[in-house]
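Following: one structure in structure tokens, then a few remarks.
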Amino acid sequence: MEQVTEFFSELFNTDDWPARWVCGEWTSFHGWLYITSDIAIWLAYFVLPAIIIFFIQKRHNLPFLPVFWLFGAFIILCGSTHLIDAVMFWWPAYRFSALVRLVTAIVSLVTAFVLIRELPKLVAERPEDELKIYQMEKQIKSYETEIENLREKLNRKTT
């Protein structure tokens, strides 16, 4: 328990580790390739949830809304690990990085579990337009049956 308490009390302390630039032998090209790639990945990971949020706001009565929110949180947290990796070149906050990775792992596993649990319902879900067509076809069949019954009654009366 002492290690856990120490971990959280030193969460943002960087005295125990050097910045990534001074660990090993980074060339400028290799270091900046790593940094810019991680920042590009982080940007993509932050744009994707924005698109999901835009989609959620445009589609009212969207089924499986918690799945969308979990997936958005999963994407943001994955992106955060890349941003932290890029920042580590100057700010070696390895404890904070470990905590963000733990939260990312938990949300990732919960998201995977929920998706697996909800998959049969997601596959069975019919798009709204398809449901309207199905309901209209059902209504038409009902009318056709009613018309056929009326024809039979009419034929019986005329014969």
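Where a number appears in this text, it was derived from the coordinates with a stated rule and is not lab data. Owing to the predicted nature of the structure, the values given are computational and were not obtained by experimental measurement. Positions of Cβ are generated from backbone atoms using ideal geometry, with glycine treated the same way; all protein chains shown enter the neighbour counts.
Would you please classify the overall shape of region 1-100 from the alpha carbon gyration tensor, given that a ≥ b ≥ c denote the square roots of the eigenvalues, rounded means a/c under 1.5, and beyond that prolate means a/b larger than b/c while oblate covers the rest? Working shown, then result.
On the way: a/c = 4.72, a/b = 1.59, b/c = 2.97.
Taking the square roots of the gyration eigenvalues as a ≥ b ≥ c, region 1-100 is oblate.
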- Simple Cβ-charge dipole of the chain, Lys/Arg +1 and Asp/Glu -1, about Cα centre, in debye nearest 20: 1160 debye
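I'd like to compare 104-115, 84-95: which one has the highest average count of other Cβ atoms within 10 Å, and what's the full order after that? Walk me through the intermediate numbers first.
Details: 104-115: 14.2, 84-95: 17.7.
Final packing ranking: 84-95, 104-115.
For the chain, list the DSSP H helices whose alpha carbon atoms reach 30 Å or more along the long axis and whose average Kyte-Doolittle value is -1.0 or above?
Within the chain the helices that satisfy the rule are 28-58, 65-87, 94-124.
If you stretched the chain out fully between W17 and V110, how much longer would it get, using 0.36 nm times the residue separation minus the C-alpha to C-alpha distance? Walk me through the intermediate numbers first.
On the way: separation 93, 0.36 × 93 = 33.48 nm, distance 3.18 nm.
Fully extending the segment from W17 to V110 adds 30.3 nm.
Sum -39500 (n - 2.57) across every DSSP H segment of at least 4 residues in the chain, then divide by the residue count to get the 222 nm mean residue ellipticity, nearest 500.
Numbers: 5 runs with 124 residues, N = 159.
Helix-only estimate at 222 nm: -27500 deg cm²/dmol.
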- Task: Starting with the highest mean, order 10-17, 24-31 by the number of other Cβ atoms within 10 Å, averaged over the residues of each peptide.
- Result: 10-17, 24-31
